[in-house]
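Only one structure is covered here, and it is reproduced in the block below.
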Amino acid sequence: MTKVVLGMSVSLDGIAGPRTADADGMAIFTAILGWQFPLRSWQREQGMEGGEDSVDSRVWADNFARFGPQVIGRTMFDFGYPNWGENPPFHAPVFVVTHRGQERISKSGGTNYTFVTGGVPAAVEQARAVADGKDVLLAGGVSIARQGLAAGLVDEVALHVAPRLVGRGVRLFDAGEVDLCCLETIQGEEAVHLRFEVR
């Protein structure tokens, strides 16, 4: 059965992204997501050679194989789209939650962007419909993650905790927001990988 998994990288102090998409925001993204970039599995999916074969790389590869369609927010799309290029890293349908609808965009490698104006529940429903046995990844940003949790749409939370204290930005969780039961803990070289069931 297809599950909806909220999957995000966070800092040690719980920051999952910047408040604004500026130069300071890029520094926060690098601190939080930097553990992925040297990985052999990550680089392979970007069409590059080499990279580190490590526990982190195997975790990333397992996650990539598990997920099919992804749900993201408009801010994440606007921030990332210029850099994702003609062969984006998703290799799957991507449903963009937005107030500004537009025609679907198709790219190479199996990525297409569908713009959903009916909110996170509608985007998750569309993603489930094309999941073909894979799980749906609720990939962010933070607003989309919180909306998915608040609507009771999330079955699991997968966190990749980078050992960085960022001290500013947008926190993923607020106290008392969700009840989690730990399913798995994996100690990587540059991140700790945690998987939780949402109760």
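Please treat every number below as a calculation from the coordinates, not as lab data. Since we're looking at a predicted model, the values are computed, not measured. We place every Cβ from the backbone using ideal geometry, glycine too, and count neighbours over all the protein chains shown.
Couple of notes before you dig in:
- Between V55 and M1, the simple label model (points 7 Å from Cα in the Cβ direction) yields a spacing of 3.2 nm.
- 27 Å tail of the calculated P(r), the chain, as % of Cα pairs: 24 percent
- Distance between the pseudo-spin-label points of M48 and S108 (7 Å out from Cα toward the beta carbon): 1.8 nm.
- Mean residue ellipticity (222 nm) of the chain, computed from DSSP H runs ≥ 4 via -39,500 (n - 2.57), nearest 500: -9000 deg cm²/dmol
- Once the Cβ-Cβ distance of A27 and R171 is raised to the sixth power relative to R0 = 25 Å, the FRET efficiency obtained is 0.90.
- Across the chain, Cα pairs under 8 Å and at least six residues apart give a relative contact order of 31 percent.
- Per-peptide packing, taken as the mean over residues of other Cβ atoms within 10 Å, places 25-36, 60-71, 97-108, 137-148 in the sequence 137-148, 60-71, 25-36, 97-108 from highest down.
- Amide N of the range 150-166 lying under 15 Å from the label point, which is placed 7 angstrom from the Cα of C181 along Cα→Cβ: 155-157
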